[in-house]
Amino acid sequence: MRVVQATRFGGPEVLVTSEAPDPVAGPGQVVVDVSVAPVLFVDTQIRRGWGGEWFTVKPPYVPGVGVAGQVLSVGEGVDPGWAGRQVVTDTGERGGYAERAVAPAEGLIQVPDGLGLPEAAALLHDGRTALGLAEGARIRPGEWVLITAAGGGLGSLLVQLAHAAGARVIGAARGQRKLDLARELGAEAAVDYSEPDWPEQVREATGGPGPDVVFDGVGGQIGLAAFEITARGGRVSAHGAPSGGFAEIDPREAERRGVTVRGIQHVQFSPADGKRLIERVLSEAAAGRIRPVIGQTFPLERAADAHAAIDARGVIGKTLLLI
């Protein structure tokens, strides 16, 4: 079968297509005939060698932490009824950029009728995270909600969820295409954080006090600026680090202003909670109540191009490999 391997840590050019033996399902496992593999921002970070304290992968390895496709075979102890079903599933820290992938049967989630495999793949990680973040923030109708990275896969879902909860949404992103998308999905205002006065624009949009809730998917100085304009008594989720690191928020300043800060650890769900969230978001999407934004797709052999596009910050919504 064809796979994409990261031959070493480095730029997108380290991703090469090669042949590998077909996998065999062990006890408690299945083999999935992969149709779609989502490309996550964290995939690009791991490829560069970032996150060694969290991730154990060493080159050469097959990137990709999830897949959507059809169950091809089942291992010992697995219900044979799974064979032939369309599913989405995590694959662990590696193995998704391949024509076939091994996955634990306990993590399989059947794709509901009315939802395509690309849409299911786009929601596998970002949908789970978006719902978990929204639940944790307890958004109330009429609150101002600021979402950074609003044009990305996760941010575009958060815009929809906050809007559906009755919030007044401000989408922050870089570039007109992403700002237009945020407005299309329900944002009342949209600001470009490449402009130096963007925090003042957010304050003006809220009438002065700043947002009640912040979902920061960027980190670094942008995340810190978002915290600094959060209203007193507000809530901040500092879960993103595409800038190179999470926003370094002073806990004493947060306490002084009565701002509750949640970090990346609050979206590390238990297997049971993660599965519940994925099943719910797939159901919502199948019913047409939430829409994953698939901005660009690439064939498997162009995985390096997919990574390069993400590195260049030129993508919108979710990036997928079609296999």
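Would you list TRP54, TRP144 from fewest to most Cβ contacts within 10 Å?
In increasing order of surrounding Cβ atoms, one gets TRP54, TRP144.
Provide the gained length on full extension for the span GLN70 to GLN110, in nm with one decimal, where the gain is 0.36 nm per separating residue minus the Cα-Cα distance.
13.4 nm
What FRET efficiency do you get for GLN176 and ASP79 if R0 is 51 Å and r is their Cβ-Cβ distance, rounded to the nearest 0.05?
Efficiency, from the Cβ-Cβ distance: 0.55.
Arrange GLU106, GLU279 by Cβ neighbour counts within 10 Å, fewest through most, would you?
GLU106, GLU279
Under a plain spin-label model, where a point goes 7 Å from the Cα along Cα-to-Cβ, how far apart in nm are LEU322 and VAL24?
If labels sit at LEU322 and VAL24, their model points lie 3.4 nm apart.
Computed FRET efficiency, Cβ-Cβ of ARG183 and GLU13, R0 35 Å: what is it to the nearest 0.05?
With R0 = 35 Å, the Cβ-Cβ based efficiency is 0.45.
Can you give the net charge of the other residues whose Cβ lies under 13 Å from the Cβ of ARG2, counting K and R as +1 and D and E as -1?
So the surrounding residues net to -3.
Can you check what the net charge comes to around VAL71, using other residues whose Cβ is under 9 Å from the Cβ of VAL71 (Lys, Arg +1; Asp, Glu -1)?
0
When the chain is fully extended, how far beyond the present Cα-Cα distance does SER194 get from ASP250, taking 0.36 nm per residue of separation?
On the way: separation 56, 0.36 × 56 = 20.16 nm, distance 2.38 nm.
Contour length minus the Cα-Cα distance gives 17.8 nm.
Could you pull out every one of the lysines with an alpha carbon less than 18 Å from that of LYS178, ignoring same-chain neighbours closer than 8 positions?
Within the straight-line cut-off, LYS178 pairs with LYS318.
In sequence order, what are the phi-derived ³J(HN,Hα) couplings for the range 266-276 according to the Karplus relation 6.51 cos²θ - 1.76 cosθ + 1.60 with θ = phi - 60°, rounded to whole Hz, with x for glycine and proline?
Computed from phi, the couplings for the range 266-276 are 7, 10, 9, 7, 5, x, 5, 5, x, 5, 4 Hz.
Per residue of the chain, what 222 nm ellipticity follows from adding -39500 (n - 2.57) for every DSSP H run with n ≥ 4, rounded to the nearest 500?
So the calculated ellipticity at 222 nm is -9000 deg cm²/dmol.
Where in the range 127-145 does the amide nitrogen come within less than 17 Å of the point 7 Å from the Cα of THR297, taken along Cα to Cβ?
none
Here are several values of volume of the Cα convex hull per residue in Å³: [x] 120; [y] 131; [z] 144. Which one was derived from the coordinates shown?
Step by step, volume of the Cα convex hull per residue in Å³ for this structure corresponds to label [x].
Can you figure out the FRET efficiency of GLN268 with GLU228, using R₀ = 30 Å and their beta-carbon distance, to the nearest 0.05?
Plugging the Cβ-Cβ distance into 1/(1 + (r/R0)^6) gives 0.70.
Every read-out reported here was derived from the displayed coordinates using simple, explicitly stated rules and does not represent laboratory data. Please read these numbers as outputs of a predicted model, since none were measured by experiment. Ideal geometry is used to build each Cβ from the backbone, glycine not excepted, and the neighbour counts take in all protein chains shown.
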